[in-house]
Amino acid sequence: MPLVGKPAAARRTLYWLASYPKSGNTWTRIFLANYLFDRKTPMPINQVHRIGIGDAIPKAYLPFAPGGFDPTNHEQALKIRPRMLEAMAKGDADVIFVKTHNAHTKAHGVPLIPTRLTRGAVYIMRHPLDVACSYARHYDTSPDDACEGLSRDDHIIVGGPGAVPQYLGDWSAHARSWTRQKDFPVLVLRYEDLLEDPEKGFATLLSHIGVGIDQGKLARAVRFSSFDEVKAQETREGFIEKSPTAERFFHSGGSGKWRDILSSETAERFIERHRQMMTRFGYL
């Protein structure tokens, strides 16, 4: 029997908050939560997920696995992912924020970032050697091993109780996958620029996602998402996104600390591999 009419077009509602891990994604989401909810007191950091869920959170996959879901099972997670994102895109909001550390690529033939559901993205970028040092602290590995991981084409974060597998690849390829694609608009935000002038940087973000800028709200949201504020909250209440192996999530919040941590040999070897992308984004 022939089909009558045409199937409904997919809703392009997903707005990706994308980054390599430890690049400023959490800070960006904390700012957005404070601005969009417009509270008179700082948004609790453990409620930041209210502006959008991460694509690695196991509970997002559970409704599509009636027989049980194993977040360490790459094949099962990838099989479920398209249906999970489709359901997410059908939400009531016109813009649905989704945190991701995945590259904009395919994993075993499955598109990780489906264009037909995507409205846009912000790509948060940080000096990759600072990323490596922060990554090492978060995942309890050595800075040298972290630099090696950031330079591997097959680099993934394996699944576990708190997250499904995440497909990163090397740092340059990850940045390239998001910043050179033409499927949807992407705003690149550098962590270092946000540190230098957070009001200017976050105002650019708000304009990109189509949110009006109120200077009073902007200043308050920047203040409520400051490093001192979020670090104090973590000290009092803990932070649900902290790795079990890390002493704390919010450690120093600065830039350029890699110079005091990495050997010159490790840094030079890393720079040689990533010179093109580091130069493109002003890190060399």
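Filter segment 242-279 down to the residues that are more than 14 Å from residue 132 (Cβ to Cβ) and small (Gly, Ala, Ser), then identify the one that is modelled with the lowest pLDDT.
The extreme case among them is 246.
Which condition breaks for residue 152 when tested against (1) farther than 30 Å from residue 87 by Cβ; (2) assigned to a helix (DSSP H, G or I); (3) open to solvent by 30 Å² or more (accessible area, probe 1.4 Å)?
(2)
Considering segment 63-72 alone, what residues qualify as being more than 17 Å from residue 102 (Cβ to Cβ) and of a type outside the set (D, E, K, R)?
Scanning segment 63-72 gives 63, 64, 65, 66, 67, 68, 69.
Inside segment 18-35, can you point out the residues that are of a type in the set (Lys, Arg) and part of a helix (DSSP H, G or I)?
Answer for segment 18-35, where residues must be of a type in the set (Lys, Arg) and part of a helix (DSSP H, G or I): just 29.
Looking only at segment 84-103, how many residues end up being under 16 Å from the mean Cα position of the chain (by Cα) and under 16 Å from residue 209 (Cα atoms)?
Of the residues in segment 84-103, 4 are under 16 Å from the mean Cα position of the chain (by Cα) and under 16 Å from residue 209 (Cα atoms).
Which ones in segment 126-148 are of a type in the set (Val, Ile, Thr) and open to solvent by 80 Å² or more (accessible area, probe 1.4 Å)?
Within segment 126-148, no residue meets the criteria.
For segment 122-145, what are the residues that are under 14 Å from residue 271 (Cα atoms) and touching a Cys at 6+ places or on another chain (Cβ under 8 Å)?
Selection gives 129, 132.
The values are calculated or read from the model by the stated rules, or taken from the named source; none is laboratory data. Only a predicted model underlies this, so the values are computations on that prediction, with no experimental measurement involved. Methodologically, a virtual Cβ is constructed for each residue, glycine included, from the backbone with ideal geometry; neighbour enumeration extends over all protein chains shown. The protein model used for the area step is the full one, side chains on, heavy atoms only, and it has no ligands, DNA or RNA in it. Shrake-Rupley method; radii C 1.70, N 1.55, O 1.52, S 1.80 Å.
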